[in-house]
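Student: This is the structure, below, for whatever I ask next.
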Amino acid sequence: MTNDVQSVLDTLFYPFQSGILACPPESRVLFLNAHMHEGLQAMAEAQLTLHQYFMPEAVKLKQNRFSSVPDIDDIEGEFDLVLILLPKNLVEAMGFIAKGLQCLKPGGMICVAGGNKTGGNRIAKHLQEFGIEDTQNETKNRARVVWANVDTYNETAVKRELGLYKPRNIIGGAFVSYPGIYGWDKIDKGSSLLLNHISAAEVKNVADFGCGYGYLCADASEKIRADMWHCIDADWRALEVAKTNMHAYGNDNCRYYWSDITADEPPVQGMDIILMNPPFHEGQKGDPEIGNAFIRSAFKALNKKGELWMVANNHLPYERGLNEHFSSVEKLAEEQGFKVYKAVK
């Protein structure tokens, strides 16, 4: 968890920890985009329903004996309190607020927090778009928390935003994607460059580490013939649309893993080829250690003489990590701000 997210969490729970607001033990509480926080532990006696699609955060919740669900559509019922940790993506943020209002019982409270630079300053305006005018707020830690008791809301606006926060066609219908996942509405330049340099092959097992909505694995499956593809991502939503896209490309020989590749052990073993365009951002700051963890995990997952095909931004120092683990490392291209590598175990 980044310091940015921690600050927003601190702000979200501040009204409850300071006594401005209360959460009685018998309350039914829904937390959308739930993250572990001491304020959540203080609500443990309430009836909690937690939503989290990102595996590393779901694991942290589980380690603290909190269960969560990844699919927002699986959440039903009426809640006394809805907490929302606002995501950066606007469509996703509006979808979360709409879902929270839909699940709120009449007279219940919605409480939303976001960083000042990532939507926090727009929360009251967002609520106004749903017909909620009477709000209160606090500003702390470069973040804002806004809350309101809600008797009625604009149902048309709620239905509209819930309809927008669904898988949809992108790139002229070439793929289906989900608002909010990484690079959800475009073809990533790095992945496109990697695809141009991949060699044709016939193997048993290929994995896409951090598959996203499936652009790379779907297109690469036309060049690399494999008995089985293995698509892995930490975002549950990404896997749901990757399934659709792989099927559309005629590849149903595929297994899907909701997993954190940066964890100690990869979810697959014995791979002949691994493709990856690892993320290097968590929150607002770049972190090359994420990519280095991908490299270590790929090394563990490959069979003897297995190949890693990887693309990365020019400025990221991955050469050392590749050379420490692999017997040979070849830079195939350096263009458009990216580097493409082929590494053999």
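The values are calculated or read from the model by the stated rules, or taken from the named source; none is laboratory data. Keep in mind that what you see is a predicted model, and the values were worked out from it rather than measured. Because the Cβ atoms are built from the backbone with ideal geometry, glycine has one as well, and the counts that use them run over all protein chains shown.
Student: Can we say ASN196 is within 29 Å of VAL241 (Cβ to Cβ) and more than 22 Å from the chain's Cα centre (by Cα)? Reasoning before the result, please.
Tutor: Values: within 29 Å of VAL241 (Cβ to Cβ): yes; more than 22 Å from the chain's Cα centre (by Cα): yes.
Criteria met by ASN196.
Student: Go through the stretch 217-249 and give me each residue that's of a type outside the set (A, V, I, L, M) and in contact with a Lys or Arg (Cβ under 8 Å, 6 or more places away or on another chain). Please lay out each step first, then the result.
Tutor: Initially, the stretch 217-249 is screened for residues of a type outside the set (A, V, I, L, M), giving 217, 219, 221-223, 225, 227, 229-231, 233, 235-237, 240, 243-245, 247, 249.
Correct list: ASP227, TRP229, HIS230, CYS231.
Student: Which of the residues spanning the stretch 37-66 are more than 18 Å from GLY77 (Cβ to Cβ) and more than 16 Å from the chain's Cα centre (by Cα)?
Tutor: In the first step, residues of the stretch 37-66 are kept if they are more than 18 Å from GLY77 (Cβ to Cβ); the result is 37-42, 44-45, 53-65.
Within the stretch 37-66, HIS37, GLU38, GLY39, LEU40, GLN41, ALA42, ALA44, GLU45, LYS62, GLN63, ASN64, ARG65 qualify.
Residues checked against (1) out of contact with any strand residue (DSSP E or B) (no Cβ under 8 Å at 6 or more places or on another chain); (2) buried (at least 18 other Cβ atoms within 10 Å of the Cβ); (3) closer than 17 Å to ARG237 by Cα:
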| site | (1), (2), (3) |
| --- | --- |
| VAL5 | no, yes, no |
| ALA34 | no, yes, yes |
| LEU48 | no, yes, no |
| LEU61 | no, yes, no |
| ARG65 | yes, no, no |
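Student: Name every residue in the stretch 9-25 that is of a type in the set (A, V, I, L, M, F, W, C), without any contact (Cβ under 8 Å) to a residue 60 or more places away in the chain and more than 14 Å from ALA113 (Cα to Cα), in order of residue number. Break it down into steps so the answer makes sense when it comes.
Tutor: Our first condition is that a residue be of a type in the set (A, V, I, L, M, F, W, C); within the stretch 9-25, this holds for 9, 12-13, 16, 20-23.
Pick out the ones that are also without any contact (Cβ under 8 Å) to a residue 60 or more places away in the chain and you get 13, 16, 22-23.
Selection gives ALA22, CYS23.
Student: Here is a further query. Kindly indicate whether any position in the stretch 280-297 is surrounded by fewer than 21 Cβ atoms within 10 Å (Cβ to Cβ) and more than 30 Å from SER7 (Cα to Cα). Give the steps one after another, and end with the answer.
Tutor: Restricting attention to the stretch 280-297, the residues satisfying the condition of being surrounded by fewer than 21 Cβ atoms within 10 Å (Cβ to Cβ) are 280-290, 293, 296.
Subsequent filtering for residues that are more than 30 Å from SER7 (Cα to Cα) retains 296.
Within the stretch 280-297, one or more residues are surrounded by fewer than 21 Cβ atoms within 10 Å (Cβ to Cβ) and more than 30 Å from SER7 (Cα to Cα).
Student: Return only the number of the condition from (1) within 29 Å of ASN121 (Cβ to Cβ); (2) part of a loop (DSSP other than H, G, I, E, B); (3) of a type outside the set (Asp, Glu) that LEU61 does not satisfy.
Tutor: Among (1) within 29 Å of ASN121 (Cβ to Cβ); (2) part of a loop (DSSP other than H, G, I, E, B); (3) of a type outside the set (Asp, Glu), LEU61 violates only (2).
Student: Among the strands (runs of 3 or more DSSP E) confined wholly to the stretch 147-234, which include 3 or more residues that are out of contact with any Asp or Glu (no Cβ under 8 Å at 6 or more places or on another chain)? Show your work before the answer.
Tutor: Working: elements: 168-170, 175-177, 201-209, 224-233.
Of the strands (runs of 3 or more DSSP E) lying wholly inside the stretch 147-234, those with at least 3 residues that are out of contact with any Asp or Glu (no Cβ under 8 Å at 6 or more places or on another chain) span 201-209, 224-233.
Student: Does GLU155 satisfy being farther than 30 Å from PHE280 by Cα and not assigned by TED's automatic domain parsing to the domain that holds ASN116?
Tutor: Working: farther than 30 Å from PHE280 by Cα: yes; not assigned by TED's automatic domain parsing to the domain that holds ASN116: no.
The answer is no for GLU155.
Student: Next question. Report every pair of residues separated by at least 6 positions or lying on different chains whose Cβ atoms are under 6 Å apart, first residue within the stretch 44-68 and charged (D, E, K, R), second part of a loop (DSSP other than H, G, I, E, B).
Tutor: Qualifying pairs under 6 Å: GLU45/PRO25; GLU57/HIS35; LYS60/MET36.
For (1) surrounded by 18 or more Cβ atoms within 10 Å (Cβ to Cβ); (2) assigned by TED's automatic domain parsing to the domain that holds VAL150; (3) at pLDDT 95 or above, each residue gets a yes or a no:
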site: ILE72; (1), (2), (3): yes, yes, yes
site: GLU76; (1), (2), (3): no, yes, no
site: VAL82; (1), (2), (3): yes, yes, yes
site: ASN89; (1), (2), (3): yes, yes, no
site: ALA98; (1), (2), (3): yes, yes, yes
site: LEU104; (1), (2), (3): yes, yes, yes
site: MET109; (1), (2), (3): yes, yes, yes
site: ALA113; (1), (2), (3): yes, yes, yes
site: LYS117; (1), (2), (3): no, yes, no
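Student: Restricting the first residue to the stretch 141-168 and requiring it to be on the phi > 0 side of the Ramachandran plot, which pairs with a second residue that is β-branched (Val, Ile, Thr) meet a Cβ separation below 8 Å and a spacing of at least six or different chains?
Tutor: ASN141/VAL8; ASN141/THR11
Student: While we're on this one: Among the listed residues LYS105, LYS117, identify the single one that is more than 18 Å from the chain's Cα centre (by Cα) and within 23 Å of TRP184 (Cα to Cα).
Tutor: Values: LYS105 fails: within 23 Å of TRP184 (Cα to Cα).
Checking each option against the conditions leaves just LYS117.
Student: Scan the stretch 235-267 for residues that are part of a strand (DSSP E or B) and of a type in the set (D, E, K, R) and jot them down. If you could, list the steps in order and put the result at the bottom.
Tutor: From the stretch 235-267, those part of a strand (DSSP E or B) are 235, 254-258; that's our starting set.
Answer for the stretch 235-267, where residues must be part of a strand (DSSP E or B) and of a type in the set (D, E, K, R): ASP235, ARG255.
Student: What's the total number of residues in the stretch 115-146 that are within 21 Å of ILE72 (Cα to Cα) and among the hydrophobic types (A, V, I, L, M, F, W, C)?
Tutor: 3
Student: Here's something else I'd like to know. Let me confirm something: among MET310, MET276, which residue is surrounded by 14 or more Cβ atoms within 10 Å (Cβ to Cβ), touching an Asp or Glu at 6+ places or on another chain (Cβ under 9 Å) and in contact (Cβ under 8 Å) with a residue 12 or more places away in the chain? Walk me through it before giving the result.
Tutor: Working: MET310 fails: touching an Asp or Glu at 6+ places or on another chain (Cβ under 9 Å).
After applying the criteria, what remains is MET276.
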